[in-house]
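> Quick one: this structure, given as structure tokens, is what I'll be asking you about.
The values are calculated or read from the model by the stated rules, or taken from the named source; none is laboratory data. This structure is a prediction, so every number in the text was calculated from the model and none was measured. Heads up, the Cβs are rebuilt from the backbone with ideal geometry, glycines too, and the neighbour counts pull from every protein chain shown.
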Amino acid sequence: MTEPFDPVRFAKICEMLRSDNPNERAIAGERATTMLQHAGLTWTSFIGAASLPTSPKAPQSPSYRAHSAAPQSQPQPQAQAQPSWQRDRPRTTVRNGRTAADIIAELMKRVDTFPNWEQAFLKTIVHQHHYGLTEGQWKSVEQMLAMKKRRTSAAPKVRKTPPRKPAKPS
């Protein structure tokens, strides 16, 4: 039974083949091979070795010639529709008269006061705000603005206590 092939995930795994860590490279190779096998593919059919030009300096092995001459019986990877979370979503750069860049800059000034998820989110969108934010990203940014305002308004007020009178000597 074959599973749908996810080319985006496959590409990310193949990027790990460039790692300096040999163990990470080995694991990436195993995962990529497993993904191809689950999709009913081989590396040869995926790359399309029969259509690759050969160098005149590099001799062809007999098995390669046999494969080149034979018609391909392996299914070719089909372009999959992107999952709903990856599709292009409408993005806007301005909301309620404020630009995403201004709001993110304001939040980044106090990024260390936010929980871990919010910190990671801000660090991610700080470089892509010029493309605009999706509706979900705007909601998160607005929640963080509200959180920041609550924290600044709830700051403890310093009460000034009158100085103590010195104790009377006895």
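> Exactly one of these conditions fails for Tyr64: (1) within 19 Å of Ser140 (Cβ to Cβ); (2) at pLDDT below 80; (3) assigned to a helix (DSSP H, G or I). Give me its number.
(1)
For every residue, the table says whether it meets (1) modelled with pLDDT of 75 or more; (2) within 30 Å of Met35 (Cβ to Cβ); (3) in a helix (DSSP H, G or I).
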residue: Ala79; (1), (2), (3): no, yes, no
residue: Pro83; (1), (2), (3): no, yes, no
residue: Arg89; (1), (2), (3): no, yes, no
residue: Leu107; (1), (2), (3): yes, no, yes
residue: Thr124; (1), (2), (3): yes, yes, yes
residue: Leu145; (1), (2), (3): yes, no, yes
residue: Lys157; (1), (2), (3): no, no, no
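> Considering only residues of segment 1-26 that are of a type in the set (A, V, I, L, M) and within 20 Å of the chain's Cα centre (by Cα), which is surrounded by the most Cβ atoms within 10 Å (Cβ to Cβ)?
Per the stated criteria, the residue is Ile13.
> Are any residues in segment 6-51 in a helix (DSSP H, G or I) and β-branched (Val, Ile, Thr), and if so, which ones?
Val8, Ile13, Ile27, Thr33, Thr34, Thr44, Ile47, listed by residue number.
> Moving to a separate point now. Identify, please: which residue in segment 112-129 is under 10 Å from Met144 (Cα atoms) and hydrophobic (A, V, I, L, M, F, W, C) and is, among those, surrounded by the most Cβ atoms within 10 Å (Cβ to Cβ)?
Among those that are under 10 Å from Met144 (Cα atoms) and hydrophobic (A, V, I, L, M, F, W, C), it is Leu122.
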